[in-house]
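The values are calculated or read from the model by the stated rules, or taken from the named source; none is laboratory data. Just so it is clear, the structure is predicted and the values come from calculations on it, not from any experiment. Heads up, the Cβs are rebuilt from the backbone with ideal geometry, glycines too, and the neighbour counts pull from every protein chain shown.
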Amino acid sequence: MPTRRQQRVAEQLRHEISKLIEHEVDDPRLELITITDATISPDLHDATVYVSSLQGEAARDSVLAGLENARGFLRRGLATRMKLRVVPALHFHWDKSLETGDHISRLLDQIDTDH
């Protein structure tokens with residue numbers, strides 16, 4: 001279970017990365033993406049950032065490639081915006097929760113129409 005400090009740092013990371021991508025990163029692969037969650041290791045040296053795109057699963061590879069390409073820029077941006085001794089290494093992962101939720105919703109709608 002993450003500590004209160006881990007939760008605060010992870011939330012600030014999520015917020016700051018979202019702002020950096022929206023306002024300062026000029027990469028068409030990173031348009032229409034959402035930073036859905038972030039978690040951070042107990043030593044605050046590694047952060048896992050979960051992303052999704054309004055373009056859906058089809059954009060997954062290009063979005064992750066764009067984020068990998070912008071990793072250094074994002075980390076430097078975080079260093080200037082956050083008061084941390086060490087800026088965590090960023091690891092990006094695709095968040096399937098939106099697609100899963102949509103699939104469950106469609107299944108429930110299908111059950112309602114069948115009965």
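From the list A70, A10, A47, the one residue that fits, being surrounded by 19 or more Cβ atoms within 10 Å (Cβ to Cβ), in contact with a Ser or Thr (Cβ under 9 Å, 6 or more places away or on another chain) and either free of Cβ contacts under 8 Å to residues at least 12 places away in the same chain or over 23 Å from G101 (Cβ atoms) (or both), is A47. Take the conditions (1) closer than 23 Å to K96 by Cβ; (2) over 14 Å from the mean Cα position of the chain (by Cα); L30 misses just one of them, which is (2). Pairs only if they're at least six apart or on different chains, beta carbon under 9 angstrom, first in region 97-110 and among the hydroxyl-bearing types (S, T, Y), second surrounded by 10 or more Cβ atoms within 10 Å (Cβ to Cβ) and at pLDDT 80 or above; list them, first residue then second. Filtered contacts from region 97-110: S97/T36; S97/D37; S97/Y50; S97/S52. Taking region 43-62 as the range and being among the aliphatic types (A, V, I, L, M) and either at pLDDT below 95 or over 20 Å from D26 (Cβ atoms) (or both) as the test, the residues that pass are L44, A47, L54, A58, A59.
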